Amino acid sequence: MPNPSVTKVEKEGQAASLLSTGVVSSLITYRAYAALNHLTYVTLDPIVGLAANNSAALADYAKLSTTILSSSGASESVFPAPVLFAATVPTNAPNLALGASFLHLLLSPQGSALLSADGAFSPVFPGWADTPSAVPSVLAPDVVPMPTWAASYLG
């Protein structure tokens, strides 16, 4: 249970301001938020920080859990999983080719370097697709089939 006399739960958008003004002395947030707001951060072990995204890490995650107080006031066990993001181009996008080109940039080694600059993200390269044959041809070199272990986490 968080101790209300020393713990403050705030909206993430206010966290950097609260830290810079001294209202709080530290915060727990995503590395991307810290990098975006030029905050000093501590990099956790990939397993602890939920950045590891491979089958060995998933086996380790499956052994871990913590108990939280749910919104109903009951105790609830929660289990970790890697923090993964997805990108897509809607089929009704006004410029499908431009969208596919943007994803090609994101999924390329150059895009990976841009996204990982300043520690914001550690992209998966090549990207994962649940149906690689369905992606636009410009993206074919940038994707591989989604690992079977990831499918259960990503739906």
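Brief remarks on what is shown
- Search result, residues across the range 119-135 that are in contact with a helix residue (DSSP H, G or I) (Cβ under 8 Å, 6 or more places away or on another chain) and closer than 30 Å to T40 by Cα: G119, A120, F121, S122, P123, F125, P126, G127
- Applying the criterion of being of a type in the set (S, T, N, Q) and at pLDDT 85 or above to the residues of the range 111-136, the residue that is nearest to R31 (Cα to Cα) is T131.
- Test: residue in the range 87-108 that is in contact (Cβ under 8 Å) with a residue 60 or more places away in the chain, surrounded by fewer than 14 Cβ atoms within 10 Å (Cβ to Cβ) and within 30 Å of L44 (Cα to Cα): no
Conditions (1) in contact with a helix residue (DSSP H, G or I) (Cβ under 7 Å, 6 or more places away or on another chain); (2) more than 24 Å from A35 (Cβ to Cβ); (3) not β-branched (V, I, T), marked per residue:
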site: A74; (1), (2), (3): no, yes, yes
site: A93; (1), (2), (3): yes, yes, yes
site: Q110; (1), (2), (3): no, no, yes
site: A117; (1), (2), (3): no, no, yes
site: S137; (1), (2), (3): no, yes, yes
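- The range 69-79 - residue that is surrounded by 10 or more Cβ atoms within 10 Å (Cβ to Cβ) and in contact with a strand residue (DSSP E or B) (Cβ under 8 Å, 6 or more places away or on another chain) and, of those, nearest to W128 (Cα to Cα): V78
- When restricted to residues that are assigned to a loop (DSSP other than H, G, I, E, B), surrounded by 10 or more Cβ atoms within 10 Å (Cβ to Cβ) and either in the same structural domain as I68 (by TED's automatic domain parsing) or in contact (Cβ under 8 Å) with a residue 40 or more places away in the chain (or both), the range 1-31 contains 1.
Conditions tested, residue by residue: (1) modelled with pLDDT of 75 or more; (2) within 21 Å of the chain's Cα centre (by Cα); (3) among the hydroxyl-bearing types (S, T, Y).
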| position | (1), (2), (3) |
| --- | --- |
| G13 | yes, yes, no |
| S17 | yes, no, yes |
| S20 | yes, no, yes |
| A32 | yes, yes, no |
| A35 | yes, yes, no |
| T43 | yes, yes, yes |
| G49 | no, yes, no |
| N54 | no, yes, no |
| Y61 | no, yes, yes |
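The values are calculated or read from the model by the stated rules, or taken from the named source; none is laboratory data. Here the structure is a predicted model, which means the values were calculated and not measured. FYI the Cβ positions are ideal-geometry reconstructions off the backbone, even for glycines, and counts take in every protein chain you see.
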